[in-house]
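The values are calculated or read from the model by the stated rules, or taken from the named source; none is laboratory data. The shown structure was predicted, so the numbers you read here are calculated from the model rather than taken from an experiment. Here the Cβ is made from the backbone with ideal geometry for all residues, glycine too, and neighbour counts use every protein chain on show. Ligands, DNA and RNA are stripped out before the accessible areas are found, and what is left, the full protein with its side chains, is counted by its heavy atoms. Shrake-Rupley method; radii C 1.70, N 1.55, O 1.52, S 1.80 Å.
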Amino acid sequence: ANTRGYDLGLKYANGPIMGAVTYNAVSLGGTYPVAGAGGAATDISNFRVGGSYNFGVASVRALFDRTRADHVTGLGTATQNVFGFGATYNVTPAGKLLAQAYFARDVKVNGSSDKDTGAKLFEVGYEHSLSKRTILKAVYAHLNNDNNAYYDFGINSVGIAAAPGTAGQGATLNGVQLGLRHSF
């Protein structure tokens, strides 16, 4: 009840260059848990900027993301910055290697760092086009939580933890994704 939000974005794509910026915000009518902040929030916003360059045989990309939760019960304001880099390399006309690394910085509460609440995610994989509409994909992911962090894979999570102080805090996760995607 009483939830409202908006999402604004701008994208530029011309030849090998792509750049985009987005901002979204949501105001929640009730109280909801905020990952890493140990409380509940009523206003959450996210600013993201990213870009890529395609060299033909390879591509590179970068991303910066800042999330902010205001009115966190008992804490005030919590923010977190995430940045990352990725690349692809065409091994054959139908296959490419994928790699990416993302770094979640420590959560800041009212401007002060909540120590060891970040994480690092590394992925390597291979994608093979069977046709213009069908792709096979295999990816290995390694997620390394700092000592006081409890991040999971999100979608396809392994369920290591749901809150600070649980057994999953500080865990290292490894995952393999195998997939077949067909576009209709």
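Put +1 on the Cβ of every Lys and Arg and -1 on every Asp and Glu Cβ in the stretch 90-137; which of Val91, Ala119, Tyr102 then has its Cα farthest towards the positive end of the dipole? Of the listed residues, the answer is Val91. Estimated at the nearest 10 Å², the accessible area of Asp70 is 30 Å² with a 1.4 Å probe. Compared with the direct C-alpha span, the chain from Arg133 to Phe103 gains 7.6 nm at full extension, assuming 0.36 nm per residue.
Taking a quarter of the surface of the convex hull around the Cα atoms of the stretch 43-114, what do you get in nm²?
Taking the Cα atoms of the stretch 43-114, their convex hull projects to 5.8 nm² on average.
Between Ser113 and Asn144, the simple spin-label model (points 7 angstrom out along Cα→Cβ) gives 1.7 nm. Mean sequence separation of contacting Cα pairs (under 8 Å, at least six apart), scaled by the length of the stretch 77-150, corresponds to a relative contact order of 27 percent. Just add up the charged neighbours of Gly50: K/R +1, D/E -1, any other residue whose Cβ is under 13 Å from the Cβ of Gly50. Computed value for this residue: +3.
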